[in-house]
Amino acid sequence: NSRPYQLPAGDITSTLKVGDGSQSLDSESVRSGVAVDRSQSRNSGSVQANFDLPISNVDRGILPKIGDLSANVNLAYQELSDFGGVTAVGAGLNWSPVERLSLSANYSDEGKAPTVQQLNDPTISTPNTPVFDFRNSQTVEINQITGGDPNLKAEDRRILKLGMNWQPLSAQDFRLNLAYTRTEADDEISSFPAITPDLEAALPDRFVRDADGNLLSIDARPLNFFKREQQDVQWGFNFSRPFGKPNPVEAGQGAGGRPGGGGAMAGGGPRGPGGPGGGRMRGSRGPGMQPGQGMFNLSLTHTWRVQDEVVIREGLAPLDLLDGDSISGSGGQSRHEVQLQTGLFKNGLGAFVNANWRAGATVNGDALGSPDLDFSGRTTVNLFAFADLTQRTSWVERFPFL
């Protein structure tokens with residue numbers, strides 16, 4: 001990490017990371033008396049560079065009429081012994097035209113290599129594997145072929161993200177956020193999807209049926225989708241507020257802070273659209289948590305999926321996962337999703353609730369007469385509680401085993 005140069009609006013900050021790694025897998029399996037030994041390995045080297053360049057700065061009087069503006073550039077390269085090289089490039093702008101408002105725009109073009117298992121796992125044929133056959137609307141036991149595919153290509157993913165973060169009131173840590181994301185992927189690497197009529201029509205060589213149409217075998221090794229396009233819009237809010245009376249005596253003891261590792265509140269729930277990519281906000285203020293106080297947090301995010309289309313093979317029509325097509329055994333893609341997180345913590349004790357709702361979806365039948373399948377909406381609620389007793393000094397003194 002360094003600050004190599006100083007511009008009128010501030011220092012250029014840079015991060016350079018160089019890495020080297022090695023992975024090896026040795027496995028042995030015995031099926032029907034036949035032993036198979038397999039040894040796989042991968043050596044990798046990588047280099048990554050990030051640069052932040054300030055353009056304007058209100059406090060320094062550099063182009064103050066346009067607010068605070070900065071740019072960032074990211075470059076990365078990785079070389080894999082069993083595959084080759086993949087690259088990633090990205091750039092973005094962060095703009096705070098007025099206090100408590102930030103806007104951001106980020107674009108990246110990222111390559112992703114198949115894992116060593118996806119390339120080199122041994123081919124295994126497993127009889128009596130239960131799968132759901134969408135064509136006949138029943139679960140059947142088949143012969144399933146799994147393993148790696150040495151012909152997998154690298155995935156190329158292009159992501160455009162536009163974000164906004166606004167704090168309406170200077171005295172309250174209440175933030176409204178909005179983000180638009182567009183993702184285009186070529187040769188997307190995927191595990192084998194559900195056995196839908198659309199998938200079977202696109203990959204007929206992967207399926208074996210008898211004369212009566214009963215499914216006998218599938219080749220479920222990973223594959224590359226030709227193209228995938230996704231668009232979604234997220235909006236919501238984040239609110240946090242300290243509670244309890246401050247205790248100046250604890251200021252030098254570190255009590256009342258978040259538990260180790262960033263805290264359960266920091267890493268236990270969904271991030272709103274104002275998180276990474278939301279931009280740096282000038283003049284953002286709010287009541288901070290003082291020693292001896294606790295913190296209450298509430299966030300709500302609604303995701304509206306505008307587009308999710310997959311082209312499995314070149315020349316085929318795209319599958320619209322938001323309108324009756326599916327590559328998943330749990331149904332089509334939900335167009336709407338709502339995430340709620342709320343919780344509190346104080347002096348090492350805390351709890352929070354994560355709730356998630358996904359709208360229902362329908363998978364269309366095919367021309368051979370298989371019926372449509374309706375999947376209802378799904379709600380999940382998770383409760384998490386934690387106790388970091390190192391912040392309860394009096395308890396530990398009284399009960400040392402704590």
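The values are calculated or read from the model by the stated rules, or taken from the named source; none is laboratory data. Just so it is clear, the structure is predicted and the values come from calculations on it, not from any experiment. Please note: Cβ atoms are built from the backbone with ideal geometry, for glycine as well, and neighbour counts cover all protein chains shown. For the accessible areas, the whole protein counts, side chains as well, though only heavy atoms, and no ligand, DNA or RNA atoms are used. Shrake-Rupley method; radii C 1.70, N 1.55, O 1.52, S 1.80 Å.
For the range 9-51, a residue qualifies if it is of a type outside the set (A, V, I, L, M, F, W, C), in contact (Cβ under 8 Å) with a residue 12 or more places away in the chain, within 19 Å of S125 (Cβ to Cβ) and open to solvent by 40 Å² or more (accessible area, probe 1.4 Å), and the qualifying residues are S27, R31, R38. R241 fulfils the conditions (1) touching a residue at least 40 places away in the same chain (Cβ under 8 Å); (2) open to solvent by 50 Å² or more (accessible area, probe 1.4 Å); (3) under 29 Å from F296 (Cα atoms); (4) in a loop (DSSP other than H, G, I, E, B) except for a single criterion, (4). Applying the condition of being under 24 Å from the mean Cα position of the chain (by Cα) and among the aliphatic types (A, V, I, L, M) to the range 369-384 and asking which residue is farthest from A355 (Cα to Cα) yields L383.
Residue-by-condition table, conditions (1) free of Cβ contacts under 8 Å to residues at least 60 places away in the same chain; (2) open to solvent by 30 Å² or more (accessible area, probe 1.4 Å); (3) assigned to a strand (DSSP E or B); (4) not small (G, A, S):
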| site | (1), (2), (3), (4) |
| --- | --- |
| I55 | yes, yes, yes, yes |
| V73 | yes, yes, yes, yes |
| V89 | yes, yes, yes, yes |
| W95 | no, yes, yes, yes |
| E99 | no, yes, no, yes |
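Summed over the range 130-147, residues that are of a type outside the set (A, V, I, L, M, F, W, C) and part of a strand (DSSP E or B) total 8. In this structure, F207 does not satisfy being closer than 15 Å to M289 by Cα, within 32 Å of the chain's Cα centre (by Cα) and hydrophobic (A, V, I, L, M, F, W, C).
All conditions in (1) open to solvent by less than 60 Å² (accessible area, probe 1.4 Å); (2) under 21 Å from Q293 (Cα atoms); (3) of a type in the set (G, A, S) hold for S334, with the sole exception of (2).
A single entry from P127, P150 fulfils the requirement of being in a strand (DSSP E or B), without any contact (Cβ under 8 Å) to a residue 60 or more places away in the chain and farther than 24 Å from P318 by Cα: P127. Being in a helix (DSSP H, G or I) and either open to solvent by less than 40 Å² (accessible area, probe 1.4 Å) or more than 19 Å from R158 (Cα to Cα) (or both) is a property that holds for E200.
For the range 112-129, a residue qualifies if it is surrounded by 19 or more Cβ atoms within 10 Å (Cβ to Cβ) and either closer than 25 Å to A49 by Cα or of a type in the set (A, V, I, L, M) (or both), and the qualifying residues are A113, P114, V116, L119. Being farther than 30 Å from G213 by Cα, aromatic (F, W, Y) and open to solvent by 50 Å² or more (accessible area, probe 1.4 Å) is not true of F132.
Looking at D210, D205, D232, which one is in contact (Cβ under 8 Å) with a residue 12 or more places away in the chain and open to solvent by less than 60 Å² (accessible area, probe 1.4 Å)? Steps first, please.
On the way: D210 fails: in contact (Cβ under 8 Å) with a residue 12 or more places away in the chain; D205 fails: open to solvent by less than 60 Å² (accessible area, probe 1.4 Å).
The conditions single out D232.
When the range 3-56 is filtered for residues that are among the basic types (K, R), at pLDDT below 95 and under 26 Å from Y77 (Cβ atoms), the ones remaining, listed by number, are R3, R42.
From the set of residues in the range 360-375 that are surrounded by fewer than 17 Cβ atoms within 10 Å (Cβ to Cβ) and in contact with a Lys or Arg (Cβ under 7 Å, 6 or more places away or on another chain), which is modelled with the lowest pLDDT? Here the residue is L368.
The single residue among D82, D59 that is farther than 29 Å from L199 by Cα, assigned to a loop (DSSP other than H, G, I, E, B), open to solvent by 40 Å² or more (accessible area, probe 1.4 Å) and free of Cβ contacts under 8 Å to residues at least 40 places away in the same chain turns out to be D59.
Residue selection: A179 satisfies the criterion of being open to solvent by less than 50 Å² (accessible area, probe 1.4 Å), farther than 20 Å from V311 by Cα and part of a strand (DSSP E or B).
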